């Protein structure tokens with residue numbers, strides 16, 4: 001009797017275990033990752049203007065990394081069926097030099113959820129714009145870049161309350177559209193943002209063209225930015241050029257900027273970049289240019305060290321700057337060395 005009872009109990013337990021295993025195997029597959037970057041720079045900058053004292057100083061900084069800003073993120077993918085996934089991303093900017101966050105928002109670098117399948121990719125929430133997705137192939141990015149100029153911030157920007165869609169890749173061709181709801185109380189379309197991009201990339205060749213339109217808070221003016229670029233890899237050397245044309249009635253400003261650069265993979269761990277960036281204001285002598293040399297050396301897959309050398313020059317009453325408050329006609333030299341750890 002005891003043997004029969006034990007056999008029955010064992011059979012029931014085995015059946016229960018198999019049922020549980022089968023049920024778990026039938027559940028959608030889930031994958032969640034915690035990731036981050038800790039990056040720090042030591043910087044020397046000349047002609048750092050202080051509007052309060054009316055004086056300029058040479059200053060030293062221990063600052064967040066210019067190569068890749070420090071961050072902590074969470075991302076995940078949940079398979080609903082073979083060709084349909086739901087994805088999410090949450091990313092917080094960090095300021096390791098002070099132990100705080102890099103902005104007032106917790107997930108200031110993105111908080112979105114979306115779907116991916118044969119139809120393409122859809123994301124909804126706070127997210128980087130289409131230019132940020134594509135124009136890093138043509139413009140130098142990092143802390144010293146075109147988007148630091150006052151009328152070219154939308155070359156790389158984040159937008160709240162936005163929905164973004166990318167088509168599947170068709171032989172190298174891909175298109176994207178984005179809409180951000182301004183949700184301004186003063187008007188129906190105040191603060192709304194619309195973008196579209198077309199890109200093509202195959203082998204060593206890449207190119208893209210985008211258009212951005214953004215309403216001011218009252219919905220009375222529309223800021224427009226057209227951006228494009230092309231690059232072509234020739235062995236270890238990749239020449240590239242990016243061009244952006246801004247018409248921003250809200251500032252007001254009409255200007256063109258171009259970035260002529262080259263990336264050189266000197267050795268497997270060492271990459272050098274050289275850029276000349278020029279911003280030209282329409283019907284104005286208040287132009288700005290800067291030269292940048294950057295070197296990045298990868299110690300391994302997680303750790304790298306780098307250096308940046310820059311010279312920025314303002315003509316006329318141009319006030320662009322990387323550090324300080326900026327004053328008419330100032331020039332600025334910047335030298336920085338840093339490291340980053342990716343986990």
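The values are calculated or read from the model by the stated rules, or taken from the named source; none is laboratory data. Small disclaimer: the values here were computed from a predicted structure and weren't measured. Cβ atoms come from the backbone with ideal geometry, glycine included; neighbour counts cover every protein chain shown.
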Of 268, 244, 255, 317, the only residue that is touching a helix residue (DSSP H, G or I) at 6+ places or on another chain (Cβ under 7 Å) and either in a loop (DSSP other than H, G, I, E, B) or over 29 Å from residue 58 (Cα atoms) (or both) is 244
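Of everything in the range 82-93 that's over 27 Å from residue 39 (Cβ atoms) and assigned to a strand (DSSP E or B), which residue is farthest from the chain's Cα centre (by Cα)?
Quick first cut of the range 82-93, residues over 27 Å from residue 39 (Cβ atoms) only: 82-86.
Still in the running and assigned to a strand (DSSP E or B): 84-86.
On the way: 84: 26, 85: 23, 86: 22 Å.
Checking each candidate, the answer is 84.
In the range 193-213, how many are farther than 19 Å from residue 243 by Cα and buried (at least 21 other Cβ atoms within 10 Å of the Cβ)?
Narrowing the range 193-213 to residues farther than 19 Å from residue 243 by Cα: 193-194, 202-204.
If we keep only those that are buried (at least 21 other Cβ atoms within 10 Å of the Cβ) too, we end up with 193.
The number of residues fulfilling the criteria is 1.
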Given (1) assigned to a strand (DSSP E or B); (2) more than 24 Å from the chain's Cα centre (by Cα); (3) over 26 Å from residue 338 (Cα atoms), residue 283 misses just (1)
By residue number, the members of the range 133-151 that are in contact (Cβ under 8 Å) with a residue 12 or more places away in the chain, in a helix (DSSP H, G or I), farther than 19 Å from residue 175 by Cα and touching a helix residue (DSSP H, G or I) at 6+ places or on another chain (Cβ under 8 Å) are 146
Query raised in the report: Regarding residue 73, is this residue touching a strand residue (DSSP E or B) at 6+ places or on another chain (Cβ under 6 Å), at pLDDT 95 or above and under 14 Å from residue 35 (Cβ atoms)?
Result: yes
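I'd like to check something: does the range 244-255 contain any residue that is modelled with pLDDT of 95 or more and over 18 Å from residue 150 (Cβ atoms)?
No - not one qualifying residue is present in the range 244-255.
A quick yes/no check of all residues on (1) within 22 Å of the chain's Cα centre (by Cα); (2) buried (at least 16 other Cβ atoms within 10 Å of the Cβ):
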site	(1), (2)
229	yes, yes
250	no, no
258	yes, yes
279	yes, yes
287	no, yes
293	yes, no
306	yes, yes
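Keeping to the range 152-162, report how many residues are assigned to a loop (DSSP other than H, G, I, E, B) and surrounded by fewer than 21 Cβ atoms within 10 Å (Cβ to Cβ). Steps first, please.
Our first condition is that a residue be assigned to a loop (DSSP other than H, G, I, E, B); within the range 152-162, this holds for 152, 156-157.
So of that shortlist, the ones also surrounded by fewer than 21 Cβ atoms within 10 Å (Cβ to Cβ) come out as 156-157.
Total meeting the criteria: 2.
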Over the range 94-132, the set of residues free of Cβ contacts under 8 Å to residues at least 40 places away in the same chain, part of a loop (DSSP other than H, G, I, E, B) and surrounded by fewer than 16 Cβ atoms within 10 Å (Cβ to Cβ) is 98, 99, 103, 104, 105, 106
When the range 276-319 is checked residue by residue, the ones that are touching a strand residue (DSSP E or B) at 6+ places or on another chain (Cβ under 7 Å) and modelled with pLDDT under 95 are 281, 282, 318
Counted residues in the range 202-222 being over 21 Å from the mean Cα position of the chain (by Cα) and touching a residue at least 60 places away in the same chain (Cβ under 8 Å) come to 0
